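First comes the structure, then the notes that go with it.
Where a number appears in this text, it was derived from the coordinates with a stated rule and is not lab data. As the structure is a computational prediction, the values presented were derived from the model and not from experiment. Because the Cβ atoms are built from the backbone with ideal geometry, glycine has one as well, and the counts that use them run over all protein chains shown.
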Amino acid sequence: MIATREFRHNPCLMAPLTFVGVLLLCAFWTIAFIWKFPIFALGYLLSPLINRTQFIIEFLYPSGLGRWVHLTISRLVGRSMHGKPRQGDKNRGFHSRSVETRIEVVPKRLYIHPLPQFLDNIGYLVVSLPEQKEVTVVDSTPLASISTSTKQNVDPPRIVAFLVDCGDATEVMRHLKLISEVHYQKKKIHVQAILSTHKHHDHTAGNAALLKNQVTGPDLKIVVGGAVEKVPGCNYFVENGDFVPLPKFGANQMNDMIEIEAVATPAHTRGSITYVMRLKPDYLMRNSALGFLFTGDTMFSAGGGVPFEADIDVNQEAKEHKQSFTSIVRASASIYAVERCFGEILARASKTKALPRNITDRLLIMPGHEYSNELLSRQVVSTNNSENCRWKNFSPHVFFQTVSQLYVALHRKTLPHSSGKLLTAVGSPISMEMSINPYFRSMRKRGEVLVQAIQFWHKHFARTKVPDRLSPAYFAHFANDSDNRAKNGSSRKGVSSVYSKSATSESQWTLDAADLAAPVFTTLYAADLDTVIQELQQGKLTPQEGAQRLRTIKDRLKDNVVSKRPVPATLPSDRAVYRGLLALALLGSSPTALTFADSRRMNLPSPVTKSSDTINVSRGHLIAVLQCLGLLTPENDGPKIIAMIHQLWKEAMENSPTHAANMEKIDQEGDATNYDTIDTETDQDDLVELGDLKWTIYGVPRRQSTFSYCMPCFKPRRMDPSHPVHSAGMKPHSGEIVRHDLYHCNLCKSRAGVSYCTGGNGEDSCIEIVANKPARPVLARIGSADEEDEDGMYVEVTSMLKEA
């Protein structure tokens, strides 16, 4: 043992042996590299094909073999997990318990029933009941001198309905029978149409079987699908903007109550359709749902569908950090295409005059899959490094809303068969999705960047400034049209202006928008709650004031605990310019078709093949999306920002060579800028090219080349000499001012010696402040440390700290 230790540490012996060992390792690595080099080379050469594995879904999946494989696997896995219906099984053999559930759209008339299929698919049955009208029946007997009023059906009673996505005809037929028995006294449900969101087999495989079925076949006349989708049995092809014909029989006509618009959302497939179901104005009631989005695989609760048939791009998030003002904005590629489709759904759902602008809490999504568990779980795992799941960049409300919904989803999907597994995704309100859906979180961040850029442009470069005091017409843009109509009374005789949900029972679970949007958890700052309790105990608050305080303190979690803003008096960095242009393209433009042929058949904009500066950005589209994202409200200067957007569009068109003819007309008619009136519904001068907006906001020349044969000599121009930015004397800066108020942050103040705060907002006075407290807030500047905070926006109010 001693000898071995001596030899192991003897330099005369071990030095040459170590050298020989290193040589052997190098030789081994060299041989391994030579042996593996063909594999590396082959992988590099085949990388374009490997990155296009989605072609398998696009071209091989629609085949008969692909259909057989998909459906066989879905059925086998579904049977192994759910099995056949057995005694006491509340799921009845489906993947979730749903037979008792129905969502009320119009009281006693229109209902939506979710239809679980396969492993996690969800279809929908929309049912219209005959209207019960009051008719007068006069008794002709001598003793009957007074007329009596009874309820009778004017037309023979017939329940009409349509389906959204029929993947398994057998399960759908079983659903129809059970729903008829539980909800409609075993009356036959006459299915007259099938609306297919896209062509994938798990959403369309049951179409042909229902058409041939002896029970459903005689009534089923229409199968709706996208114009470029090969939907089985489709005989009514729709394009973007079409309205779908709805079932009817006698006086029972769905068209009287609702309308359904086909909104093209090409990403998951090239012809995907989102069916936007809106209530007609006569049936809009206060507190009821305003619209339902049958999104198929485009939008899920807490996520979105894989863009199998969008333009191909990889590592978009990593690339975004390296892009500059000369980079091409690939708005139709990969996850960007999904965000663009989300924006299109928001804009189209809130665009109709029958709906108010702020409808996110009463606009419900009806996705094609129950993926809530999986999608929410992915967001909280430590291996998820996505920018949209870095919780430190979001408010506490967003994080707690996400993990709360995850806990709810896990609970509902792990219930025993005696209780039945409950659906979580069905009827999720858009207002909740703004917090739990990473795509919506990303869109909101983009909107914040864009709003900052517009405000910066308006402050430094706009030729005409928007006045601080605006006409009430701008504030009327935020009015709730349906509530105003309801206050004045319904325009249709017999329809109440105030919504009242129908009765529910153990066998009939009638849900409405309020039920679906009701939160399970409410998260508060403990200090805020303790303050309210203390003031109630001391008699400083009346019960009414305490109740009002409790309603408002939960909104404090929506405020960011760390604030960031650009460094004053500096131009946006190259990356910030790209992010602003990307936000304009994703939030302000409609999805483009995958090919030029698709654009003609689907009534979609043509794909952009050259410069992204030619992307048309819609002012109305952008305003609608920003408002749905909560970035344009009366509380955060929303009316003024809208006026800035109108002014931006006007100046961009004045500076655009392609709008010269239009500007001559405007000059002849006089200045079109009028801040006493506003009309955001008109399409006049609504579209502006992205390149014109880029030049107007940032002063970056239009359509610059992104490549030069002489790369060392190529240097793109950052500033156009004809733009005011050239003479502004400001330089691009990539830094940010980050502010954190240590003594008022509810997450940190207990560790800073601020043990308790009292007052209306819990911030008016603090005691037990630590010694050596700073007189100014903690400011961190990323990228620069020698610039002053000029405008004072981030100066902390420290009077009480100085007095303590």
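A few comments on the model shown:
- Flagged links, alpha-carbon separation over 23 Å, of Lys610/Lys731; Lys445/Lys558; Lys322/Lys564; Lys501/Lys558; Lys280/Lys501; Lys459/Lys610: Lys610/Lys731; Lys501/Lys558; Lys459/Lys610
- Our estimate of slack between Gln214 and Phe461, defined as 0.36 nm per intervening residue step minus the Cα-Cα distance, is 81.9 nm.
- For region 155-247, the set of trypsin sites (Lys or Arg not before Pro) satisfying both a DSSP loop assignment and a count of at most 16 other C-beta atoms within 10 Å is given as Lys186, Lys187, Lys188, Lys221, Lys230.
- Theoretical FRET efficiency, 1/(1+(r/R0)^6), r = Cβ-Cβ of Phe19 and Ala41, R0 25 Å, to 0.05: 0.15
- For Val617, residues with placed amide H under 5 Å, excluding near neighbours: Val688, Glu689, Leu690
- The mean sequence distance of close C-alpha pairs (under 8 Å, at least 6 residues apart), as a share of the length of region 326-464, puts its relative contact order at 30 percent.
- Region 178-281 shape via C-alpha gyration tensor axes, a/c threshold 1.5: oblate
- Förster-model FRET efficiency, 25 Å R0, Ser386 and Phe55, C-beta, rounded to 0.05: 0.50
- Each Cα pair under 8 Å and six or more residues apart adds its sequence gap; the mean of these over the residue count of region 514-618 is a relative contact order of 17 percent.
- Two-site FRET efficiency, Ala526 against Thr504, from Cβ-Cβ distance with R₀ of 41 Å, rounded to 0.05: 0.70
- For region 500-567, the list of GluC sites (Glu not before Pro) that fall in a loop by DSSP and count at most 11 other C-beta atoms within 10 angstrom reads Glu506.
- Part-to-part distance (alpha-carbon centres) for region 226-294 and region 507-558, which is given in Å: 38 Å
- Net charge over other residues, Cβ less than 9 angstrom from the Cβ of Ser395 (K, R count +1; D, E count -1): 0
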